[in-house]
1. Enter the Cα centre distance for the pair the stretch B:97-115 and the stretch A:82-96, rounded to the nearest angstrom.
2. Hey, in the GNM for chain B with a 10 angstrom Cα cutoff, which one of B:Lys101, B:Lys272, B:Lys53 fluctuates hardest?
3. Mind checking the log10 I(q)/I(0) for the stretch A:177-285 at q = 0.21 Å⁻¹? Debye, one equal scatterer per Cα, no solvent, two decimals.
4. For the stretch A:109-128 and the stretch A:167-182, compute the distance between their C-alpha centroids and round to whole Å.
5. Going by amide H atoms built from the backbone, whose H comes under 5 Å of the H on B:Tyr365, apart from near neighbours?
6. How far is helix A:3-19 tilted off the main Cα axis of chain A, in degrees rounded to 10, range 0 to 90?
7. Full extension from B:Asn387 to B:Gln195: what is 0.36 nm times the residue separation minus their Cα-Cα distance, to one decimal in nm?
8. P(r) tail for chain B, what percent of Cα pairs lie past 31 Å?
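Read-outs: derived from the displayed coordinates by stated rules, not from any lab. Predicted model, so just to flag it, every value in this text is computed and none were measured. Using ideal geometry, Cβ is built from the backbone for each residue, glycine included, and neighbour counts are taken over all protein chains shown.
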Amino acid sequence: MNIMKKFALYTLLAIAAIACKKSSDPFMEDPDKRLIQRLGENMQLLTSSQYGWKATIYPKGGKGFYYYFKFNNDNSVDMLGDFNTTTATTVKTSTFRLKALQWPTLIFDTYGYIHLPSDPAPGVSGGTAGAGLQSDYQFMMDKMVGDTFYLIGMDKGNLMTMVKMTAAEQQDVLAGKIADRMADITPFVAANQFPYITFKDGTKADAAINISTRRIRLGYAADANTAVSKNRGFAYTPYGIILDSAFVYNGFSIRELIWDATKKSYYAKNGSEILYLQNGSTPVVPLKLVYGPGKDYTAIEYNASALKGTLGTDFDPLYTQCLNTLKTNGYNLTLIRMIQNVDLSYTLRFTFNNGTTSYNADVYYKTSKNADGSTKFIFDGANGNATSFLAPGFAGVRNYFESNAFNISWVANTIPGSTLILGAFVKSTDATQFFYGVVGN
Amino acid sequence: MKKYFFLIIASAAVTLGACKKSEDDLNKPLVGLGGDTWTKTPLDNWLYNTFTKPYNLEVKYRWDGSEVDPSKTLVPPDTARIRPLMEVVNSGWISPYIAEKNANFIKLYSPKQYLLVGSVEYNTGGTVKLGEAEGGFRVTLYNVNNFSKASRSNVQGVLKTIHHEFTHILHQTIIYPKDFPLLTGGNYTADWNNQPLADAYSYGFITQYSRAAPEEDFAEMTSVMLTLGRGGYEAILKQSGVNVAMIRKKEAIVVSYFKQSWGIDFTGLQTKVQQDLNSYSNPPVFNQIGFGKAFTSITLSPALVGGQSDKFNTAWDAAKAAILKVSAASQYTLESINVVFNAANTVQLKFNFRAAAGSSAGTLYTGTFTYDNVASTSAETYTLAYNSADANGNVIAAAAKPLTDFFIGAFKTKYFYAADAKVEFGGLVKADDATTFTFGTLNL
């Protein structure tokens, strides 16, 4: 065989080998077919729940919402939700459809209660103009894990979870129990200013409820110097409130707080263990753990008019004296604040005005720690207003801080008619005497 | 060598040709082909039968994020609001055109899609968008969830958008006369939204947006005249600081354009839009008829404007017969009455009567009766009390009493329409009796 023959033979063999490359089937089945099948399955899943679904969504713009959906085969969906009392008691029927976008998608395609937090009109959503609460009404149907259907918002990326309801749950929702629970929380917060929970090991955790922002702050002192604090959004269920995610302490997990109508309080349940919220006169986490730059509070503000009265400590006459001295010079003292700065130094600030312009007189302090743990304030300068002709007016208050050592602590608000959260710099020598005011930033 | 080469080619051709590829499946389902589907509701059927079937006009209300600006937060419309809104579109836009022209006209020139959005669209400047049109194809209506048929400004806003955009389609089909853009040629500006309305009026524009471009000017003129009606439009022109002469020129061009280019009677169209609007929301008629208002007098002539109330006809017939007998020689014939709001607290009734015989035959006389008038802005009424008559009035005063008595008391103003709704009439209705009224031609 000469070389030419060999060449021809191999070429022919090569052609024969590669020639019949059959277009292979896709790795899995045809994507379009799978998509249609998936949409069909999801439709089946949504409409299969005889008693409807309960869903929660915690939009990026704040708050949390609980919905009842009953998906019907004719693309209609019945809805209730905890957006307001009306939405919690009046069933509204709107429509939905499933569509293959980049993912099998559930679109609530006409206006229902689910759209309220998304509404760009601030008067409707309670959010900002043009954005609402940044909620969603188009969802990628992600996965079913256990009894929970996970959906991810297409526009803002909020997670919505849905769980099939039982007959009893549906009955409760339709009976307007969401609205009942929404009505219960206001008197509860009024009657329980500092609710807390006591775990089995004796650790107490604050459960500070903010109704208007639908946030609950759960916090406890991990040790003498550190506080663990978690802010959770919540929504109203027919039975109480449900948090955006569980708060776990030592194996005890709190996702829901259930309302007990007889005890007029909430409880958390974990297995057979039940813990009720109790009421304290001050928060259980010491103020010193949550006071300071980057923490919950950085200032204590004495404002006689906001306080609606006084607690009657030895600071009160000093305030009055300062107020009167400024008044004889033509100024109105509005408040005195003790602020901890980012560098851990303090500013004692007097705010006053002449009816038109507001002024600040600032006195700066460094601190030193005493052996008993109390803090001493060391004068470190003052601004022009503080050293002006008004200086004699500030002298009494300054002297109070400069000649005593203090511990920071909560104080119970016993002023009639006042519900403000009060903190104080308590004299190390006498726990009944202190500079106090509203904790804030 | 050549032999082998040929062999390779031939063999390759045979081998490769033998590879018959498994044929493509042309029946593969395409996801989303033919648009979205869902179970049709009564609303879907109504929209189909009212718009899609007769006019090839799609009304899209189910949310489709791909149709709107993805950077904006918007919500879908509430189904409960859609039918009232689209009824207004049908009765306030389609029906008047069909009555003045025909159904084919709408079929031929209407936009092909209405897209409904529940909320307004917030612009970055803090303003909001209420309507938008893309070419001649689509009109987007925002704020559907706040639509209320009873709110006149709401309905006017919607109809103005629709009429504005439809005017664009018309002038893109047949351009408006060349002199239109030249009228206020120097005052068009892209910065129209930062220019005060007072400036626009003083240059001879009907709105701020009119200043954007001549075609917007044309569409604004048309849509303002149609949706505000003659009363609302004239009320604008009555304000001080408005270049009335210029706006009148534009008005004349619009009216003649509709007549000459499309064979449409603009006044008839305007009247029909107003008649529809007034059928479900109260017009601000008290602010448009009266002293210093858009219309300051009404000409009553039952012979020319029929459909008067029985009580007025009775009074008219009695007075006319009696006036005829005042002078056997002259045979005065009552022709019309002008109700003139001549001052803030008086109204004059000018009786026009003609001598039908005698030496002055053919002479027209006017007898004036003056009434004291108390205008109540809160009740929107005029309360008239007879005061006096002039010399000519005294001649017929006794005979005219049935009519002069008719006008004593409290009246509300109202717009009236004849069956063909070609012209808008104005009139007075007894405040305590809606079945007693008279109406006639409105004069500026």
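1. The two parts, judged by their Cα centres, are 38 Å apart.
2. Residue with maximal mean-square fluctuation among B:Lys101, B:Lys272, B:Lys53: B:Lys53.
3. -1.19
4. Taking the Cα centre of the stretch A:167-182 as reference, the centre of the stretch A:109-128 is 23 Å away.
5. B:Phe353, B:Arg354, B:Ala355
6. 60
7. Full-extension gain reported as 64.2 nm.
8. Percentage above 31 Å: 55.
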